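Trainee: First, the structure itself, so that you have it in front of you.
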Amino acid sequence: MTIEQAEKKLSAAGQEHVLRYYGELDDEHRRELLEQIENTDFSVLSSLEDGKSGNERGKITPLAAMQLGEIRSREQEFYKLGLEAVRAGKVGAVLLAGGMGTRLGSDDPKGMYNIGITRDVYIFQRLIENLMDVVREAGAWVPLYVMTSDKNHEATTSFLKKHGYFGYNSEYITFFMQEMAPACDREGKVYMEEKWKISTSPNGNGGWYSSMHKWGIADKAISDGVEWLNVFAVDNVLQRIADPCFVGAVIANNCAAGAKVVRKCAPDEKVGVMCLEDGRPSIVEYYEMTEELMNAKDENGDPAYYFGVILNYLFRISDLEKIREKKLPLHVVEKKIPFIDDEGVLHKPEAPNGYKFEQLVLDMIHELDGCLPFEVERNKEFAPIKNAVGVDSVESARALCKENGIEL
Ligand code: UTP
């Protein structure tokens, strides 16, 4: 792209300041900046207005979860069905590890965080140990796909290699990178992280399947016979991955997807809740919960919106293929965004100072015809690490690990 073309593109997007330092750059950095301008989709910034005013929602009605009682009574049947699928190589696992983990406050990828007390126990290690339980039961390796981003790919891959993939067979591990999106200040002007570089952030966890496809990994998985993908977050150190019982229940119910859910611990707990929206599976975010939804009851008189998602979903690949080209909504998220000031000095803010734009995995659910909410015991399967201290923190996750006999 020439400087004239760049000026035109930036002026159309109201982002002329991106070239503020152009005059002082050497040829190499000028080339880098022009290339980045060419490849950046500034149209995401227009979702700032939509995002702030809140996206229009359809009619919300309850979606019954499969609860522990029913699961226990059919456990053998589900387990057998799921284990057969795992053993036959039909189930892959997708670790979403492209996030920045800014709330935890470490510069390293979240999975590198050491939650050990008397020994080293890294988050990645905990997840792999959990997956190994199923590998042992099935006597077969589960293909593990790891999504990283431009910001943490190198650190993630070298860390896992250095630790011998914590005992996992590296032939069954595939890495791929997600896309990036520009990050902006509160006025919608993109930040600069270098004089020759627009600030970018990973574009959310919703683009994982299209990124898998772009990297040729989805096609490879399909030709290897993978039919189901269990997508999970990096930060829940107790979660069961490729859990045969969950896989079996989704297969037995002939659903396109399943979502592990936990009973909320309070009506206003900050988790998204499974529901139907205009008759299709969906998730109401905690900040969208009205008094009416919080107090609504189902036909048994129980709270109707009481099963929170824990970012552990099972998707049937053939259904993901059908929705691959669909554009997911962009969510505007307040974040701490490092930036350079007018003098070119880098700042790492302590509090959110702008917005990034994210697609979310939960919006994929809404595109599908059906999703089975599958209840799991929260004290056994839900120990997320979002913050350094307090709620959903290293402290709370350690306590839950201890409760489950995991030595740290
Ligand atoms: P979070 O919503 O907790 O975001 O991610 P985050 O960026 O990791 O953390 P904060 O908000 O900055 O503290 C939930 C899951 O989605 C993944 C994360 O790695 C985590 O497993 N994720 C998030 C991605 O893979 N890519 C993204 O762009 C965002």
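The values are calculated or read from the model by the stated rules, or taken from the named source; none is laboratory data. Remember, it's a predicted structure, so these values are computed and weren't measured experimentally. Because the Cβ atoms are built from the backbone with ideal geometry, glycine has one as well, and the counts that use them run over all protein chains shown.
Trainee: Within the range 163-196, how many residues are touching a residue at least 40 places away in the same chain (Cβ under 8 Å) and of a type in the set (Phe, Trp, Tyr)? Step through it out loud before you land on a result.
Mentor: Start the filter on the range 163-196 by keeping residues that are touching a residue at least 40 places away in the same chain (Cβ under 8 Å), which leaves 163, 166, 168, 174, 176-178, 181-186, 188-196.
Imposing the further condition that a residue be of a type in the set (Phe, Trp, Tyr) reduces the set to 166, 168, 176, 191, 196.
Number of matching residues: 5.
Trainee: From Glu350, Glu395, which residue is more than 13 Å from the ligand (Cβ to nearest atom) and assigned to a loop (DSSP other than H, G, I, E, B)?
Mentor: Values: Glu395 fails: assigned to a loop (DSSP other than H, G, I, E, B).
Sole residue among the options that is more than 13 Å from the ligand (Cβ to nearest atom) and assigned to a loop (DSSP other than H, G, I, E, B): Glu350.
Trainee: From the residues in the range 152-191 that are of a type in the set (Ser, Thr, Tyr) and in contact with a strand residue (DSSP E or B) (Cβ under 7 Å, 6 or more places away or on another chain), which one is surrounded by the most Cβ atoms within 10 Å (Cβ to Cβ)?
Mentor: Quick first cut of the range 152-191, residues of a type in the set (Ser, Thr, Tyr) only: 156-158, 165, 168, 170, 172, 174, 191.
Of the ones still in play, those that are also in contact with a strand residue (DSSP E or B) (Cβ under 7 Å, 6 or more places away or on another chain) are 156-157, 165, 168, 172, 174, 191.
Details: Thr156: 26, Thr157: 15, Tyr165: 17, Tyr168: 22, Tyr172: 17, Thr174: 18, Tyr191: 24.
Among residues in the range 152-191 that are of a type in the set (Ser, Thr, Tyr) and in contact with a strand residue (DSSP E or B) (Cβ under 7 Å, 6 or more places away or on another chain), the one surrounded by the most Cβ atoms within 10 Å (Cβ to Cβ) is Thr156.
Trainee: Report yes if some residue within the range 233-247 is of a type in the set (A, V, I, L, M, F, W, C), part of a strand (DSSP E or B), touching a residue at least 24 places away in the same chain (Cβ under 8 Å) and within 16 Å of the ligand (Cβ to nearest atom); otherwise report no.
Mentor: Yes, there is a match, as at least one residue in the range 233-247 is of a type in the set (A, V, I, L, M, F, W, C), part of a strand (DSSP E or B), touching a residue at least 24 places away in the same chain (Cβ under 8 Å) and within 16 Å of the ligand (Cβ to nearest atom).
Trainee: Just a yes or no: is a residue in the range 212-222 modelled with pLDDT of 95 or more, within 14 Å of the ligand (Cβ to nearest atom) and either in a helix (DSSP H, G or I) or surrounded by fewer than 24 Cβ atoms within 10 Å (Cβ to Cβ) (or both)?
Mentor: Yes; the residues of the range 212-222 include at least one that is modelled with pLDDT of 95 or more, within 14 Å of the ligand (Cβ to nearest atom) and either in a helix (DSSP H, G or I) or surrounded by fewer than 24 Cβ atoms within 10 Å (Cβ to Cβ) (or both).
Trainee: Quick one: which helices (runs of 4 or more DSSP H) lie wholly within the range 1-108 and hold at least 3 residues that are touching a residue at least 12 places away in the same chain (Cβ under 8 Å)?
Mentor: In the range 1-108, the matching helices (runs of 4 or more DSSP H) lie at 3-13, 27-39, 47-53, 75-87.
Trainee: Let me ask something else. Can you name the number of the only condition in (1) out of contact with any Gly (no Cβ under 8 Å at 6 or more places or on another chain); (2) of a type in the set (Lys, Arg); (3) away from the ligand (no atom under 16 Å from the Cβ) that Lys90 fails?
Mentor: (1)
Trainee: Consider Ala388 against the criteria (1) more than 22 Å from the chain's Cα centre (by Cα); (2) surrounded by fewer than 19 Cβ atoms within 10 Å (Cβ to Cβ): it satisfies all of them except one. Which criterion is unmet?
Mentor: (1)
Trainee: Looking at (1) under 23 Å from Ala97 (Cα atoms); (2) in a loop (DSSP other than H, G, I, E, B); (3) out of contact with any strand residue (DSSP E or B) (no Cβ under 9 Å at 6 or more places or on another chain), which is the one condition that is false for Gly301?
Mentor: Going through (1) under 23 Å from Ala97 (Cα atoms); (2) in a loop (DSSP other than H, G, I, E, B); (3) out of contact with any strand residue (DSSP E or B) (no Cβ under 9 Å at 6 or more places or on another chain) one by one, Gly301 breaks only (1).
Trainee: To continue, here is another question. Answer with yes or no whether Ala97 is within 8 Å of the ligand (Cβ to nearest atom), under 14 Å from the mean Cα position of the chain (by Cα), modelled with pLDDT of 95 or more and closer than 30 Å to Gly390 by Cα. Write out each step before concluding.
Mentor: Details: within 8 Å of the ligand (Cβ to nearest atom): yes; under 14 Å from the mean Cα position of the chain (by Cα): yes; modelled with pLDDT of 95 or more: yes; closer than 30 Å to Gly390 by Cα: yes.
Answer is yes for this residue.
Trainee: Of all residues in the range 107-120 being over 18 Å from the mean Cα position of the chain (by Cα) and closer than 18 Å to Asp392 by Cβ, which is farthest from the ligand (Cβ to nearest atom)? So that I can check it myself, show each step before the final result.
Mentor: Of all residues in the range 107-120, those over 18 Å from the mean Cα position of the chain (by Cα) come to 107, 114-120.
When the remaining residues are screened for being closer than 18 Å to Asp392 by Cβ, the result is 114-115.
Numbers: Asn114: 17, Ile115: 15 Å.
That would be Asn114.
Trainee: Further question on the same structure: Output the residue which, of all residues in the range 279-298 that are closer than 25 Å to Val333 by Cα and part of a loop (DSSP other than H, G, I, E, B), is nearest to the chain's Cα centre (by Cα).
Mentor: Glu285
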